[in-house]
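J.: Below is a structure I'd like to ask you about.
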Amino acid sequence: MARPDSSYLLELLNRSSDEILRDWTANQFRNPRLRPELLRESELRDQSSTFLESLRTAISNIEQRQGDLTNILLQEWNETKQLLETISRSRSQKGFTPSETAGFIFSLKQHLFSRIRAELRESPDQLYQEISQANAILDMLALFTTEVFQRSREQIIARQQEEMLELSTPVVKLWDRILALPMIGTLDSARTQVVMESLLQKIVETGSEVAIIDITGVPTVDTLVAQHLLKTVAAARLMGADCIISGIRPQIAQTMVHLAVDLSNVTTKATLADAFLIALERLGHVPEVGRREEPTPGKKLETASLFGTPAARKIA
Amino acid sequence: MDRIPILKLGNFLLVTIQVDMYDQLAITLQDDLTSKIVQAGAKGVLIDISSLEVVDSFMGRMLANISEMTRVLDANTVVVGMRPAVAITLVELGLSLPGVQTALSVDKGMALLNAMREERPSEGLRERKPGAA
């Protein structure tokens, strides 16, 4: 079968793209599912006309090469794909559903098909052929928007996961040279890595000598988690800071002993308050001009000086 | 050949590692440091590794070795200013350097060395105090 220079579909698009565009946009505005609060009319009209134009260019280019119109991997489709990506991404950010986004493409079918049907009423074979081809092209493009939609959603999810990872590991400064790290939720390798890095970084920034790791919010401790904790403690010690682990719940204490986790080198305290007291006590050993000599208001400072002895700080 | 300078600071020696360490340099440092401790009669060694960005198992072992050697020579070693990345690497390598004293900065390391000296009963500082006997 010899192909004509320009197919019926392309010729139709060339001939009556203005009418199709007019009908199509008018219909989209009538659609009750169009959300004027999310998408302005001018924007929608702009998107529709650019899409139609790029569809026409792509079909014309592919036909010149006699390529397969329904193959989305052809480079002639790239421009259209880019356009759809932009549209799809902006709609997913605005809160449209995937079917609403794909519906943007599907709604073109109705106008295209009714026009084809009106013109080819006399030859049902050609009618069927043209409609099925146009159908295949539009289906392919609509599916592509869904794909992009999903991909951009996944990117959002991944970004949120990352943000949650950072949010969930705040390092707070409790006192001069005392840091606290309240850990909440299950610890896995990736999280512990982030925790470890942010704690160590903060130790350098603040010059803190004591870091309290509070695991009250950690529901379970297994050997892996315990090992991560011990690694953090060891790394902090290498940098010259002491770590205290606090908030060990009775069940966790039992589990740790049953798992034979060796915590003999680590100071452990039942509550954050106890750990804080120990931290103040340790820092009280470090001679610091002004702190102990000048009576400062505030109970906690008094506690610090209460525990302060001239003996040197000793690292076991 | 490159050498890492060893500075004498009162009774202590200060070693600041500012270049990337390679094995030969580390071995030279061990030699130099041990002879300098004996020669100067130093009571403490401060190793500042705050500029050190890359560390391997050999370097970790070297730090442990130096610390042990100075202990045998009756001096204390404090490693100061280790970067977080270096600390993580050493721990991941399984080298938590249990025998090495550490401090956050040269200042704090110096205070720690002073404190350790005062603690030693043989240093005589305490015996000489009037009320101690």
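J.: Pop the C-beta distance of B:GLU118 and A:GLN82 into the FRET formula with R0 = 51 Å and round what comes out to the nearest 0.05.
T.: 0.10
J.: Follow-up. Could you check the spin-label model distance between B:LYS8 and A:ARG159? Points 7 Å from the Cα along Cα→Cβ, value in nm.
T.: The two pseudo-label positions are separated by 6.2 nm.
J.: Related question: To the nearest whole number, what is the average tally of beta carbon atoms from other chains within 10 Å of the beta carbons of peptide A:196-206? Walk me through the numbers before you get to the answer.
T.: Details: counts 4, 3, 1, 1, 7, 3, 1, 3, 8, 0, 1.
Average per residue, whole number: 3.
J.: Using R₀ = 41 Å, calculate the FRET efficiency as 1/(1 + (r/R₀)^6) where r is the Cβ-Cβ separation of B:THR28 and B:ALA85; round to 0.05.
T.: Details: r = 25 Å, r/R0 = 0.62.
About 0.95, to the nearest 0.05.
J.: Using only the Cα atoms of the protein assembly as shown, each taken as one equal point scatterer with no solvent, compute I(q) by the Debye sum, divide by I(0), and report log10 of the ratio at q = 0.11, 0.12 Å⁻¹.
T.: -0.87, -0.98
J.: Would you mind checking which residues have amide H under 5 Å from B:VAL45's amide H? H placed 1.01 Å from N; only 5 or more apart, or other chain.
T.: Residues meeting the criterion, in which the H sits 1.01 Å from N, are B:LEU13, B:ASN76, B:THR77, B:VAL78.
J.: Chains A and B: what accessible area do they bury, summed, in square angstrom to the nearest 100, with a 1.4 Å probe?
T.: 1800
J.: Nearest 5 percent is fine: what portion of the DSSP beta bridges confined to the protein assembly as shown is antiparallel?
T.: Bridges in the protein assembly as shown that DSSP calls antiparallel: roughly 20 percent.
J.: Express the carbon and sulfur contribution to the solvent-accessible surface of the protein assembly as shown as a percent, rounded to the nearest whole number, probe 1.4 angstrom. The partial results should precede the final answer.
T.: Numbers: 12590 of 23780 Å².
Within the protein assembly as shown, the accessible surface is 53 percent carbon and sulfur.
J.: Let me ask you something else. Given a cut-off of 30 Å, name the pairs among A:LYS202/A:LYS269; A:LYS202/B:LYS36; A:LYS269/B:LYS108; A:LYS231/B:LYS108; A:LYS202/B:LYS43; A:LYS173/A:LYS231 whose C-alpha atoms lie farther apart than that in the structure shown.
T.: Going by Cα-Cα distance, A:LYS202/B:LYS36; A:LYS202/B:LYS43 fall outside the 30 Å limit.
J.: Any idea of B:MET110's accessible area? Nearest 10 Å², probe 1.4 Å.
T.: 40
J.: Okay, moving on. On the full set of protein chains, 1.4 Å probe, figure out the accessible area of A:ARG117 and give it in Å² to the nearest 10.
T.: Rounded to the nearest 10, that gives 130 Å².
J.: So, one more: Rank these residues by their accessible area, most exposed first, probe 1.4 Å: A:VAL171, A:VAL148.
T.: Of A:VAL171, A:VAL148, the descending order of accessible area is A:VAL171, A:VAL148.
J.: Around A:THR255, what is the net charge, scoring Lys/Arg as +1 and Asp/Glu as -1 over all other residues with Cβ under 12 Å from its Cβ?
T.: Here the charged neighbours net out to 0.
J.: What value, in deg cm²/dmol to 500, does the helix sum -39500 (n - 2.57) over DSSP H runs of n ≥ 4 give at 222 nm once divided by the residues of chain A?
T.: Working: 10 runs with 198 residues, N = 316.
One gets -21500 deg cm²/dmol as the mean residue ellipticity at 222 nm.
J.: Can you tell me the relative contact order of chain A? Whole percent, Cα pairs under 8 Å, sequence separation 6 or more.
T.: This gives 11 percent for chain A.
J.: Please calculate how many Å² of accessible area the protein assembly as shown carries per residue, with a 1.4 Å probe and no DNA, RNA or ligand atoms counted.
T.: Here the residues of the protein assembly as shown average 53 Å² of exposed surface.
J.: Sticking with this one: Report the full-extension gain for the segment A:ASP46 to A:ALA260: residue separation times 0.36 nm, less the Cα-Cα distance, to one decimal in nm.
T.: Working: separation 214, 0.36 × 214 = 77.04 nm, distance 6.77 nm.
That pair, A:ASP46 and A:ALA260, stretches by 70.3 nm at full extension.
J.: Are there trypsin sites (Lys or Arg not before Pro) in segment A:166-270 that DSSP marks as loop and that have at most 15 other Cβ atoms within 10 Å, and which are they?
T.: Nothing satisfies the criteria.
J.: Right, next: I'd like the antiparallel share, as a percent to the nearest 5, of DSSP beta bridges with both residues in segment B:6-128.
T.: Beta bridges within segment B:6-128, antiparallel portion: roughly 25 percent.
J.: Positive end of the dipole of segment A:8-162, charges at C-beta (+1 Lys, Arg; -1 Asp, Glu), about the Cα centre: which of A:SER16, A:PRO98, A:LEU55 has its Cα farthest in that direction?
T.: In segment A:8-162, that residue is A:PRO98.
J.: Dipole magnitude of chain A about its Cα centre, charges +1 at Lys/Arg Cβ and -1 at Asp/Glu Cβ only, in debye to the nearest 20?
T.: 880
J.: Given a cut-off of under 8 Å on Cα pairs at least six residues apart, what relative contact order in percent is computed for chain B?
T.: Rounded, it is 21 percent for chain B.
The values are calculated or read from the model by the stated rules, or taken from the named source; none is laboratory data. Please read all numbers here as calculations on a predicted model, not as lab measurements. Don't worry about glycine lacking a Cβ; one is built from the backbone with ideal geometry, like all the others, and counts go over all protein chains shown. When the accessible area is computed, the model is the full protein with side chains, heavy atoms only, and any ligands, DNA or RNA have been set aside. Shrake-Rupley method; radii C 1.70, N 1.55, O 1.52, S 1.80 Å.
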